[in-house]
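Following: one structure in structure tokens, then a few remarks.
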Amino acid sequence: AVFCFSAPQNARQYKKSRSGSKSSNKEQGKKRRDRQAPEPVSGSPCARMRRHSLRALDSLCKIFNHWAFVYIGLYNYNFWDSGKKATTLFNTRGWSGIVSNGVVRNVLFMTSVVIGLCTGLFGLIVEEFDGYEFTSFNQPTATAFVIGSLIGCALSGVMLSVLGSATNAVLVCFAAGNVEFSRIHPELSNEMKESWATVWNGYFVD
């Protein structure tokens, strides 16, 4: 009697254990297939092409930048290495947001525009009161203003670009050689650090 009641009970336990092992094997096989299966590529071909193009453009922008000219003048590197070293320097300092701000470029551009407008007005005054004709067009007043503005913008842009390059050189030297600057010119270094902290507090790294 004991044998009759214990045999079905052992059979049920055997079936349960066997069904549990089958389910665990199925789960393991499913996980293994998921790991081996290639990841689906999201997006259309145009979207993937756009992403790859943006990545390539971003890598080129890290190399072809106006900071490379400073490294060329200071250390005589080629343009490719200069661009990469300048980008690495600012990324290490954490100044990527600072150098991409463009405040100096915007100020110099607005100054050039103002100078161009002033020279355009000067050309207009010369055309009206002196009787000098810039061109033989039917609208001498407009042409005098346009010619004067273009001359003023071109000349001021050339002169102000020197200030922009000097600002870039100061920023690169301050980022790359602040230790030497502190040792050789401690007073100027402290003054520049104080001025820097008033605008970009927390971005300076010794």
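The values are calculated or read from the model by the stated rules, or taken from the named source; none is laboratory data. Fair warning: this is a prediction, and the values are worked out from it, not measured in the lab. Glycine gets a Cβ as well: all are built from the backbone with ideal geometry, and neighbour counts include every protein chain shown. Just so you know, the surface numbers come from the protein's heavy atoms only, side chains and all, with ligands and any DNA or RNA stripped out. Shrake-Rupley method; radii C 1.70, N 1.55, O 1.52, S 1.80 Å.
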Residue tally, condition more than 17 Å from PHE69 (Cβ to Cβ) and part of a helix (DSSP H, G or I), over region 165-200: 21
Pairs with Cβ under 9 Å, 6+ apart, first in region 172-192 and free of Cβ contacts under 8 Å to residues at least 40 places away in the same chain and within 28 Å of LYS84 (Cβ to Cβ), second surrounded by fewer than 11 Cβ atoms within 10 Å (Cβ to Cβ) and among the hydrophobic types (A, V, I, L, M, F, W, C): ASN178/VAL205
Some residue of region 154-164 being of a type in the set (S, T, N, Q), in contact with an Asp or Glu (Cβ under 8 Å, 6 or more places away or on another chain), open to solvent by 50 Å² or more (accessible area, probe 1.4 Å) and in a helix (DSSP H, G or I): no
Filtered residues of region 51-103 (kept if touching a Phe, Trp or Tyr at 6+ places or on another chain (Cβ under 7 Å), open to solvent by 60 Å² or more (accessible area, probe 1.4 Å) and closer than 15 Å to LEU171 by Cβ): LYS85
Selection count where residues are at negative phi, of a type outside the set (Ser, Thr, Tyr) and assigned to a loop (DSSP other than H, G, I, E, B), scope region 92-119: 2
